[in-house]
Amino acid sequence: MNAVVGTHDIVLVTLDTLRHDVAVRLAAEGRTPRMAERFAWQERHAPGNFTFASHMAMLSGFLPTPAGPGPHPRLFAGAFPGSETTAQGTWTYEQADLPAGLAAAGYRTVCVGGVGFFNGLTPLGSVLPGMFAEAHWTREFGVTCREGLDHQLDTVADVLARTSERLFLLLNVASLHQPNHFYLPGASGDSLETHAAALEYVDARMGRLFAMLRRPSFVIVCADHGTAYGEDGYVGHRLGHEVVWTVPYGEFVIA
């Protein structure tokens with residue numbers, strides 16, 4: 001990452017609540033071709049089991065960890081003594097969080113939020129967007145809007161058009177999050193299949209995102225956590241089930 005920071009835009013796309021098993025299954029079935037063209041999903045462990053905790057960790061340099069035994073060197077890390085996951089290729093910063101570190105390195109930091117923890121309407125909903133120089137959220141980006149990602153990408157296009165500096169962009173996509181039944185015609189409730197249909201909607205828009213990003217860009221696409229649909233009696237997240245902790249992760253460079 002020491003060769004990337006300063007020369008590439010850095011884009012972190014968090015597909016909120018996307019399950020690893022659903023992501024891998026749809027890729028194998030050819031149902032997410034735009035993402036499959038760019039990267040293969042890795043199995044990783046989430047740094048938190050709900051949006052706020054996971055994003056606070058990721059924005060402090062703790063991205064989802066490879067599922068096998070470690071230690072696993074990190075891409076980004078705040079400088080602190082004794083870190084066992086800071087390696088020669090890790091880009092380190094002195095500031096308290098990744099957006100602040102990248103800002104000090106000359107990046108324009110921008111957040112385009114999706115779920116309620118990015119809405120800026122309450123003190124809690126202002127913590128994550130408050131880490132960025134520029135933050136955007138409207139109800140059209142949120143969990144109840146079927147076309148939320150389309151609206152978010154309109155904002156991303158505007159940001160890219162008027163940004164001259166190197167860019168660190170966080171795009172939090174709410175489409176996978178419950179409620180998602182409206183992505184599957186005839187569905188009356190949320191399920192693994194409506195979750196899958198939401199992922200197909202997202203993939204269909206990824207081509208637009210990848211095409212508009214500036215060259216070169218280092219892109220990370222991952223879930224912040226998964227979610228349960230009745231496994232062992234559990235529904236939702238903020239709980240310690242395997243389907244919540246196991247997440248898909250991919251990274252690639254657009255040159």
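Every listed requirement among (1) surrounded by fewer than 20 Cβ atoms within 10 Å (Cβ to Cβ); (2) of a type in the set (D, E, K, R); (3) touching a Ser or Thr at 6+ places or on another chain (Cβ under 9 Å) is met by ARG31 save one, (3).
Could we say that ALA198 is under 13 Å from ARG146 (Cβ atoms), assigned to a helix (DSSP H, G or I), in contact (Cβ under 8 Å) with a residue 60 or more places away in the chain and of a type outside the set (Val, Ile, Thr) here? Taking the combined requirement at face value, the residue does not satisfy it.
Determine whether the range 84-92 contains at least one residue that is closer than 30 Å to ALA228 by Cβ and of a type outside the set (Gly, Ala, Ser). Yes, the range 84-92 has at least one match. Comparison of ARG146, ARG108, ARG166 shows that the only residue that is over 20 Å from ILE220 (Cα atoms), more than 16 Å from the chain's Cα centre (by Cα) and among the basic types (Lys, Arg) is ARG146. On the stretch given as the range 169-190, residues that are over 19 Å from the mean Cα position of the chain (by Cα), under 17 Å from LEU15 (Cβ atoms) and in a loop (DSSP other than H, G, I, E, B) total 1.
Are any of the residues in the range 205-225 farther than 20 Å from PHE39 by Cβ and either modelled with pLDDT of 95 or more or touching a His at 6+ places or on another chain (Cβ under 7 Å) (or both)? Before the answer, list the steps.
As a first pass, look at the range 205-225 and keep what is farther than 20 Å from PHE39 by Cβ: none.
Within the range 205-225 (the criterion being farther than 20 Å from PHE39 by Cβ and either modelled with pLDDT of 95 or more or touching a His at 6+ places or on another chain (Cβ under 7 Å) (or both)), the answer is no, since none of the residues qualifies.
So, of the residues in the range 96-132 that are exposed (fewer than 15 other Cβ atoms within 10 Å of the Cβ) and without any contact (Cβ under 8 Å) to a residue 60 or more places away in the chain, which turns out to be farthest from LEU176 (Cα to Cα)? Across the range 96-132, the extreme among qualifying residues is ALA104.
In the range 243-255 there is no residue that is within 17 Å of VAL143 (Cα to Cα) and of a type in the set (Asp, Glu).
Among the residues making up the range 205-255, those that are surrounded by 21 or more Cβ atoms within 10 Å (Cβ to Cβ) and assigned to a loop (DSSP other than H, G, I, E, B) are ALA223, ASP224, HIS225, GLY226, THR227, HIS237. Does the range 149-166 include one or more residues that are assigned to a strand (DSSP E or B), of a type outside the set (Gly, Ala, Ser) and on the phi < 0 side of the Ramachandran plot? Yes.
For first residues located in the range 173-194 and in contact (Cβ under 8 Å) with a residue 40 or more places away in the chain and under 16 Å from ASP150 (Cβ atoms), partners that are open to solvent by 40 Å² or more (accessible area, probe 1.4 Å) and of a type in the set (Gly, Ala, Ser) and lie 6+ apart or on another chain with Cβ distances below 9 Å form the pairs ALA174/GLY116.
Report, by residue number, each residue of the range 54-95 that is surrounded by 12 or more Cβ atoms within 10 Å (Cβ to Cβ) and at positive phi. Within the range 54-95, just GLY61 meets the criteria.
The values are calculated or read from the model by the stated rules, or taken from the named source; none is laboratory data. As the structure is a prediction and not an experimental result, all values here were calculated from the model. FYI the Cβ positions are ideal-geometry reconstructions off the backbone, even for glycines, and counts take in every protein chain you see. Protein only, heavy atoms only, side chains kept; ligands, DNA and RNA dropped before computing areas. Shrake-Rupley method; radii C 1.70, N 1.55, O 1.52, S 1.80 Å.
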